[in-house]
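The values are calculated or read from the model by the stated rules, or taken from the named source; none is laboratory data. If you're wondering where the values come from, they're calculated on a predicted model, not measured in any experiment. With ligands, DNA and RNA removed, areas are computed over all heavy atoms of the protein, side chains included. Shrake-Rupley method; radii C 1.70, N 1.55, O 1.52, S 1.80 Å.
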Amino acid sequence: MFISNNTTSGAGVVNSDLLNSLNGKTKKSSTSTDAVSEDRFLTMLTTQLKNQDPMNPLDNSQMTSQLAQISTVDGLKKVNSTLESMLGTFQTNETMQAAAMVGRGVLVDGKGLQLYNGQALGGVELASAADKVKVSIVDSSGSEVANLDLGDLDAGSHVFTWDGKTSAGGDAAAGNYTIKVSAVQGDKAVEATALQLGTVSSIVRGAKGVDIEVGRLGMFSMSDIKRILS
């Protein structure tokens, strides 16, 4: 039995709805919730005006206040919608930026330093400028094997390299070391944070934003990445 799309029979309506459902289409209400709320408000206001006491009419300032309230609510909804759209765009851009970091070296908070083939790379972050910055390199037993003088540095993150030479002039064994950072400006100590090198292995987009996995160092947020190395 053939049923035309223009039929008004009950069977025709059911079949049309069923097809729309199967195709992922659903009917949209002709009147939005916001429109219903506004119509209801205006109806109540009109009724109030019609039934007001002639000897004690509705104050103009009260009516203006009520109209301003509905306008404010509508405006806030539009602002929220705009902010949600901007947040979605920001998260997408953040994910794309993070994806470009996979395989790149980065500096994050940490005191570890790995010496391999006579080369090691680490970093320091200064809260303010310092005229003397030093890095002490310590082995697993807690003994200092080398001390680097980085001189004067501006506020922010900085990279340093170590050639594996000990303070005695010998070659340090390959492996893992720990660094301690100290900085002063004149005779006043400057807040200094040790940074360690890691490689971005993957990214994870969660409800709170993008998390970056830096190999064995663990998960970090975008703001935790102090420096991206070329």
Under 1.5 on a/c is rounded, so check that first for the range 164-230, then, if it is not, pick prolate when a/b is larger than b/c and oblate when it is not; a ≥ b ≥ c are the square roots of the alpha carbon gyration tensor eigenvalues.
oblate
Considering only protein heavy atoms, with the full assembly of protein chains and a 1.4 angstrom probe, order 191, 144, 213 by accessible area, largest first.
191, 144, 213
For the range 141-181, count the residues as N, evaluate 2.2 N^0.38 Å, and divide the Cα radius of gyration by that value, please.
1.31
For the range 211-220, take each phi angle, set θ = phi - 60°, evaluate the Karplus expression 6.51 cos²θ - 1.76 cosθ + 1.60, and give the result in whole Hz per residue in order, putting x for glycine and proline.
10, 10, 8, 9, x, 6, 6, x, 9, 9
Looks like the range 99-230, by Cα gyration tensor root eigenvalues a ≥ b ≥ c and the a/c under 1.5 rounded cutoff (else prolate when a/b is bigger than b/c, oblate otherwise), is oblate
Residue 227 - accessible surface, heavy atoms, 1.4 Å probe, Å² rounded to 10
90 Å²
